[in-house]
Amino acid sequence: MYIKGVGMTKFDYSQKPWWQFCYEATIEALEDVKMKISDIDAVVFSGMESCDGFSEHQTHKISLLADLFKINVPIIETPSVCAGGGVAFWTALRLGKFKNILAVSGEKLVDNKSEVTTHWILSATERVIEQSEGTLFPVQNALVWQQYMLKYGATMDDLALIAYKNHQNAALNPRAYYYQRKVSLEEIKNSPIVASPFRLMDCSLSVNGGAAAILTKEKTDVEVSGSGFATDYLLTFDRKEPWHFQATELAAEQAYQEAKIKPEDIQVAEIHDAFTSVELFSYEDLGFAESGKGAELIRQGKVNLDGRLPVNPSGGLKAKGHPISVTGLAQVYEIVSQLRGKCGERQVRNSPKIGLCHNVGGIGGSVTCHILRKTS
């Protein structure tokens, strides 16, 4: 399959309904290749139903989208929390019966009081143990990071460098929440403690937004040459090594095999940095570094915008923003834009030809990896 058009809204706190974010991203994707909505044969949508359903009292979203776009085509909904956008894209790739498929996501995540939104996000964790103990995602990820530090000797300074890199990149991205806002390394290291040892600047930013991608059988300038999807246990600490996301390893292995490439062939990557530690773990799970040596990539600057393997040139979830289900498609938007050389000041040098999108649901509970290749 190939990618025709892509679209994405700015990530912010604007109080538009979720469907308007979908609409704006879709219209941009259509205009990107001068298509009409009537050219779309099927749609795959993802959104965090629990949160949006609570705030807008609308759970029959696929029918609402049919009404919005005035179409009578199959519309599939693929909720998978933070991995929703990636799963929507993965599903769209497998609808080979259709010529043009729209993968789209819109999220009005930041709408309620913080404790209400937090309550709904917590529903993505295991109910009996994790939810009852109040182990929110920052808490769980901090516990996992503590274990990794004890085993491999990584430090909070390593995570600060990841946050700094991503904020530097986001300052060059007009669609990012932190656009044109400079964040110093000192500000990152002195930000408030959220869940020890995590600081505020180790956590991604909850925002509203939308993103879309149009897939087609027709050859275009960007091909989806590999795609993988895997799941893992919901209870994080039931896993042998909680910092090792086996679902990432399996999804990446599937994608590499389909694309007939190795990790070292990737030239630019969007990695799911819901927390700075997740980006570091993912260097290893994606095959970019050996186990326990992910910190070397950030210490040596290899994942910086001017490094050998630029990671999160968009600013990532950390600084661009994380509207839950939208993130996976926002990653596709960024990698397609990088392969097409349309990223302005944050454009990766040497004209990358192969890029990777890595999207995680929960703490490694569901993961997609997509490999995109420039064909011309």
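In region 296-308, the qualifying residues are those that are in contact (Cβ under 8 Å) with a residue 40 or more places away in the chain and surrounded by fewer than 17 Cβ atoms within 10 Å (Cβ to Cβ), and the one that is nearest to residue 161 (Cα to Cα) is 299. For residue 120, indicate whether it is modelled with pLDDT of 75 or more, assigned to a helix (DSSP H, G or I) and either surrounded by fewer than 23 Cβ atoms within 10 Å (Cβ to Cβ) or not acidic (Asp, Glu) (or both). No; evaluated as a whole, the condition is false for this residue. On inspection, residue 278 passes the criterion of being in contact (Cβ under 8 Å) with a residue 24 or more places away in the chain, surrounded by 24 or more Cβ atoms within 10 Å (Cβ to Cβ), over 22 Å from residue 174 (Cβ atoms) and touching a His at 6+ places or on another chain (Cβ under 7 Å). Between a first residue in region 187-200 that is on the phi < 0 side of the Ramachandran plot and of a type in the set (D, E, K, R) and a second residue that is loosely packed, with under 12 Cβ neighbours inside 10 Å and part of a strand (DSSP E or B), which pairs have beta carbons less than 8 Å apart while being 6 or more apart in sequence or on different chains? Cβ pairs passing all conditions: 199/193. Applying the criterion of being in contact with a Ser or Thr (Cβ under 6 Å, 6 or more places away or on another chain) and at pLDDT 95 or above to the residues of region 223-246, the residue that is surrounded by the fewest Cβ atoms within 10 Å (Cβ to Cβ) is 223.
How do the strands (runs of 3 or more DSSP E) wholly within region 1-77 filter down when requiring 3 or more residues that are of a type outside the set (A, V, I, L, M, F, W, C) and either out of contact with any Cys (no Cβ under 9 Å at 6 or more places or on another chain) or at pLDDT 90 or above (or both): which remain?
2-8
For region 147-154, the criterion of being at pLDDT 95 or above, assigned to a loop (DSSP other than H, G, I, E, B), surrounded by 21 or more Cβ atoms within 10 Å (Cβ to Cβ) and touching a helix residue (DSSP H, G or I) at 6+ places or on another chain (Cβ under 9 Å) is met by at least one residue.
Annotation: residue 261 fulfils all but one of (1) crowded, with 23+ Cβ neighbours inside 10 Å; (2) in contact (Cβ under 8 Å) with a residue 40 or more places away in the chain; (3) more than 24 Å from residue 235 (Cβ to Cβ); the unmet one is (1).
Among the residues of region 153-175, are any under 30 Å from residue 22 (Cβ atoms) and either in contact with a strand residue (DSSP E or B) (Cβ under 8 Å, 6 or more places away or on another chain) or of a type in the set (Ser, Thr, Tyr) (or both)? Within region 153-175, one or more residues are under 30 Å from residue 22 (Cβ atoms) and either in contact with a strand residue (DSSP E or B) (Cβ under 8 Å, 6 or more places away or on another chain) or of a type in the set (Ser, Thr, Tyr) (or both). The lone criterion from (1) surrounded by fewer than 17 Cβ atoms within 10 Å (Cβ to Cβ); (2) within 16 Å of residue 211 (Cβ to Cβ); (3) among the hydrophobic types (A, V, I, L, M, F, W, C); (4) touching a helix residue (DSSP H, G or I) at 6+ places or on another chain (Cβ under 8 Å) left unmet by residue 76 is number (2). Here residue 317 meets the list (1) buried (at least 24 other Cβ atoms within 10 Å of the Cβ); (2) touching a strand residue (DSSP E or B) at 6+ places or on another chain (Cβ under 8 Å) almost entirely, failing just condition (2).
When 293, 342 are checked against the criterion of being within 27 Å of residue 106 (Cβ to Cβ), surrounded by fewer than 24 Cβ atoms within 10 Å (Cβ to Cβ) and modelled with pLDDT of 95 or more, a single residue qualifies: 342. One residue alone among 70, 4 is among the basic types (Lys, Arg) and surrounded by fewer than 18 Cβ atoms within 10 Å (Cβ to Cβ), and that residue is 70. Taking the numbered list (1) out of contact with any Leu (no Cβ under 6 Å at 6 or more places or on another chain); (2) surrounded by fewer than 18 Cβ atoms within 10 Å (Cβ to Cβ); (3) modelled with pLDDT of 90 or more in turn, residue 128 passes all entries but (3). The strands (runs of 3 or more DSSP E) falling completely within region 165-248 that include 2 or more residues that are of a type in the set (Val, Ile, Thr) and over 23 Å from residue 335 (Cα atoms) map to 193-195. In the set 302, 320, only one residue is of a type in the set (Lys, Arg) and touching a helix residue (DSSP H, G or I) at 6+ places or on another chain (Cβ under 7 Å); that residue is 320. Within the set 98, 137, the sole residue that is aromatic (Phe, Trp, Tyr), within 30 Å of residue 19 (Cα to Cα) and surrounded by fewer than 18 Cβ atoms within 10 Å (Cβ to Cβ) turns out to be 98.
The values are calculated or read from the model by the stated rules, or taken from the named source; none is laboratory data. Just so it is clear, the structure is predicted and the values come from calculations on it, not from any experiment. FYI the Cβ positions are ideal-geometry reconstructions off the backbone, even for glycines, and counts take in every protein chain you see.
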